[in-house]
1. Once neighbouring chains are kept in place and the probe is 1.4 Å, which whole percent of the accessible area of the chain is contributed by carbon and sulfur?
2. For the stretch 1-83, what D do you get in µm² per second when you plug the Kirkwood radius from alpha-carbon pairs into Stokes-Einstein at 37 °C and 0.692 mPa s?
3. Say R0 is 30 Å: what FRET efficiency, to the nearest 0.05, do R229 and V203 get from their beta-carbon distance?
4. Taking the Cα centre of the stretch 2-134 as origin and charging only Cβ (+1 Lys, Arg; -1 Asp, Glu), how large is the dipole, in debye to the nearest 20?
5. Which Cα, out of P212, Y159, W269, lies furthest along the positive dipole direction of the chain (beta carbon charges, K/R +1, D/E -1)?
6. So what's the angle, to the nearest 10 degrees on a 0 to 90 scale, between helix 276-292 and the longest Cα principal axis of the chain?
7. Report the relative contact order of the stretch 159-284, percent, no decimals, based on alpha-carbon pairs under 8 angstrom and at least 6 residues apart.
8. Give me the dipole magnitude in Debye, nearest 20, for the chain about the Cα centre, with unit charges on the beta carbon: positive for Lys and Arg, negative for Asp and Glu.
Amino acid sequence: MRSLAYGLTLESDAQLPELPQLKTDRNARADITVRLVEPPGVLPEVLDVVLTKAHDDGAPWIRIARTAWGYLISEAGIADFAVDRRGREVVLCRAGPGVGELTLRHALLDWVLALVLCLRGKQVLHASSIVTPDGLCAFAGPSGAGKSTLAASFIAAGYPVFCDDCLVVEQSAKAGCFECTPAYPGLRLWDDSVEVLGLRNHVTQSVAGYMPKHRVVIEDRANGLAARRHPLARVYCLNRRPRAAGFDTPWVEPLEGKDALMELVSRSWMCDPTDKTALVQRFRFFASLAKQVAIRKLHVPDDIALLPDVRRAVLADLANEQGTSLDHSGQALPYEPRA
């Protein structure tokens, strides 16, 4: 079964209903081969561990280890995936007790694939994004920063959602800008976000068996804009602050030079931080991006009721330099795609 994600063709032995399905020449080689059915149950020998991440409470989350074949990517208690060093093949080695297909697909699509893209030489921001008349607007930040919820709130202002949590950015010599590749349809939202934003009718399924998030798919009515490549116009690095501390007004802070570079690097995906060649390429790429694309720190009150204020702050900032038209309340005027 063949499907499409991030401009790449995936050949899988299991159905991936979250992705657009493809009918292509079976003799043509897929970009990535995925094997999820009947895990072999044998883990490859670990040579050394290159990365570990924990949850906020200190509990183990992700471990990435180098193997003779490539890498072993593991999520504690969920699954272990073996990936070849070039990011061409992904094999489920072992699933945790009681872990179902839905949870395995979530692990594959929503974080393993982001790391595989890195192995393929792609530069990937941990960001959700929307399409505006003047290019792509990205919201970067760690897990729990509110990237998906903020992106979803822009639907009310007429902007299509482009990606959720994983934004592939490439430097285009032909176009003379940085361009972004479409991900796949859908956002992952908590229940309160779904209710506040009125998106209950767009919920397709749960994200995973252990996670009370919903996968929300919203039709792109603006001529399929979310399925095309777009130039990157702005990156907003989210800084979520508690409203209890008296912070109830969002504001946008320009970032330049080293500050902009470090924000971008810290908000990007990396599979193997011990790979010196990949590290150099990563820093050079984001240094170039910071010189050409406006980078902002977006200070956000931790209150979903203030999302309209955050949206107005972003749209006002875009209007300052991009010429976006706003109405009297700070809302974007109806979206009109350029010819």
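The values are calculated or read from the model by the stated rules, or taken from the named source; none is laboratory data. Predicted model only: the values in this text are computed from it and were never measured. Here Cβ is always computed from backbone atoms with ideal geometry, including for glycine, and neighbour counts include all displayed protein chains. Ligands, DNA and RNA are excluded from the accessible area calculation, which covers all protein heavy atoms including side chains. Shrake-Rupley method; radii C 1.70, N 1.55, O 1.52, S 1.80 Å.
1. 50
2. In µm²/s, the coefficient is 222.
3. 0.60
4. The dipole magnitude comes to about 440 debye.
5. Of the listed residues, the answer is W269.
6. Helix 276-292 sits roughly 20 degrees off the main axis of the chain.
7. Relative contact order, the stretch 159-284: 21 percent.
8. 800
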